[in-house]
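Chemist: One structure is given below, represented as structure tokens, and several questions about it will come after.
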Amino acid sequence: MPRQKDRRPPPIDELPSAATLFRVRLYDQASADLIRGAKEKLKPLLKLHNGANLQRIQAASTPEELLDLSPQATGLAQDTWHARMRTFGPAALPLIQQTLRQVRTLEDHEIRYRISALLITELRWQGEPGARALLACLDDLDEEAACLACVVLGLSHLSDIAEKVWECYLRLKARPTEPDFIGGLWALIDLQDRRVAGELAAYLIQQRYFYELFGFLSLAGDERALAYLMAAAIQLGHNEGADPLMAAAGIAHRVGKPILIRELLKGSQPDLSRVKPEEQSQVEEIAEMILARSPREVEEHFALFYRGFRPQDAREAFRFIRQNKD
């Protein structure tokens, strides 16, 4: 395994990024319905807060009127806004696209982000035409909006958009102090872009840890990450070290035991012809330990990465809603 430097491991974000929370909400219709149901439990309170906006949105008769009301589409009013907009069908797409292009000029950051998220969410539920409309204005979005757009484009699973998404990811990656690149990684993983494995390995090798890294590696990492995951497990210790171990198990089940053993050996002895029998035996035991974690266990450990919300997650929905006050 790679030799560790004598220093404390870098901190790992304790909460998912905005991109991941956004994807959880939009993963599928069942997830969206579950979170909407959680909002419904707060209906009396939300009606007091959003009552006037709700009435204005219900009364809007054109997509232009609805788009003008975008800043007021929060809480229950947001769900009503989406329901009303969908009644106009594909005819509203050019107007949504035009508005998205203009949003980045707004000075108020909170309003800019809220409107972008609202419009990108709407395009998610407009199917392929919505995804195509979003793709066409991707270059015109600010970085935060582009991050959310990447999430939706990944969920579209359109086979011909990976190169455009890759270019957007590189733009977001160029801002290393911001987490927007995570939306690009989600898209590349969902689109099954082979380049993402190398990107994830690079973050791991650089010890650029973030909340999603080990879940991403479990989904889309390859053998290049295996030795470094074991090193990270040792460095991070008992609690946080479980994540790199589970990520290693996810990769190991994809690449197979022989490759797993080879990569673990290379981590400590690059010249495999010089591996001693006792080293071989020790690494084989480690490989058995890693593979003892079944793919199902890996998926349950990283449940947020492998599925959307389920009914048993409903009590967590309120926490996500509080973190995303839109």
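Chemist: In the stretch 182-224, how many are surrounded by fewer than 24 Cβ atoms within 10 Å (Cβ to Cβ) and not in a helix (DSSP H, G or I)?
Modeler: 11
Chemist: Among the residues of the stretch 258-294, which ones are among the hydroxyl-bearing types (Ser, Thr, Tyr) and under 16 Å from residue 224 (Cα atoms)?
Modeler: Answer for the stretch 258-294, where residues must be among the hydroxyl-bearing types (Ser, Thr, Tyr) and under 16 Å from residue 224 (Cα atoms): just 268.
Chemist: Given the conditions (1) assigned to a helix (DSSP H, G or I); (2) at pLDDT below 90; (3) under 19 Å from the mean Cα position of the chain (by Cα), and given that residue 46 satisfies all but one, which numbered condition is not satisfied?
Modeler: Condition (3) is where residue 46 drops out.
Chemist: Next question, about the same structure. Please work out which residue is surrounded by the most Cβ atoms within 10 Å (Cβ to Cβ), limiting yourself to the stretch 78-129 and to residues that are touching a residue at least 12 places away in the same chain (Cβ under 8 Å) and part of a loop (DSSP other than H, G, I, E, B).
Modeler: Per the stated criteria, the residue is 126.
Chemist: Still on this structure: Any idea how many residues of the stretch 252-274 are among the acidic types (Asp, Glu) and either under 15 Å from residue 285 (Cα atoms) or in contact with a strand residue (DSSP E or B) (Cβ under 8 Å, 6 or more places away or on another chain) (or both)?
Modeler: 1
Chemist: I'm trying to understand the selection: among the residues of the stretch 255-271, which are charged (D, E, K, R), free of Cβ contacts under 8 Å to residues at least 40 places away in the same chain and part of a helix (DSSP H, G or I)?
Modeler: 257, 262, 266 - these are the residues of the stretch 255-271 that are charged (D, E, K, R), free of Cβ contacts under 8 Å to residues at least 40 places away in the same chain and part of a helix (DSSP H, G or I).
Chemist: Going through the stretch 225-260 one residue at a time, which ones are modelled with pLDDT of 95 or more and surrounded by fewer than 19 Cβ atoms within 10 Å (Cβ to Cβ)?
Modeler: 253, 254, 255, 256, 257, 258, 259
The values are calculated or read from the model by the stated rules, or taken from the named source; none is laboratory data. A quick note: this is a predicted structure, and the numbers were derived from the prediction, not measured. For neighbour counting, all protein chains shown are included, and Cβ atoms are generated from backbone atoms with ideal geometry for every residue, glycine included.
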